[in-house]
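The values are calculated or read from the model by the stated rules, or taken from the named source; none is laboratory data. What you are looking at is a predicted structure, and each value in this text was computed from that prediction instead of being measured. FYI the Cβ positions are ideal-geometry reconstructions off the backbone, even for glycines, and counts take in every protein chain you see.
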Amino acid sequence: MLIPLSALELAENEIVLEGFQAIFEEEPVTVTAVLERTCVCLTPAGDRRLINKRRLLVEPGDLPIRRRRFGPPASTSEPG
C-alpha cells in the first residue's frame, strides 16, 4: 500500500536512507537525498527535482531504513 513519505512513522533513532523509488504525480522517481521536509529526486528524464515528502508516494516495506547511533563518534586517531 502506497503512502505519502511524510506519513511514514519512524522510531526516534531511525532515518530513511537515499536510493529508493517513489511515485510523484503518477511517475516513478529515484530519491537521491532525504532532507527534513523534502527529497532530491531524479526523474526518468534525468532531471533533478526538490519534492515535498507529502507529494511522494512510497511502499513503506521497501524503504532503506537505518538506526542512528547515539554517543560520541568513534575515534580514528592512534594514541601517542
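Details
- Filtered residue count, the stretch 21-59, keeping only those that are surrounded by 18 or more Cβ atoms within 10 Å (Cβ to Cβ) and more than 16 Å from Ala7 (Cα to Cα): 3
- Test: residue in the stretch 56-75 that is modelled with pLDDT of 95 or more, acidic (Asp, Glu) and in contact with a Ser or Thr (Cβ under 8 Å, 6 or more places away or on another chain): no
- The strands (runs of 3 or more DSSP E) falling completely within the stretch 1-75 that include 3 or more residues that are touching a residue at least 40 places away in the same chain (Cβ under 8 Å) map to 14-16, 56-58, 65-67.
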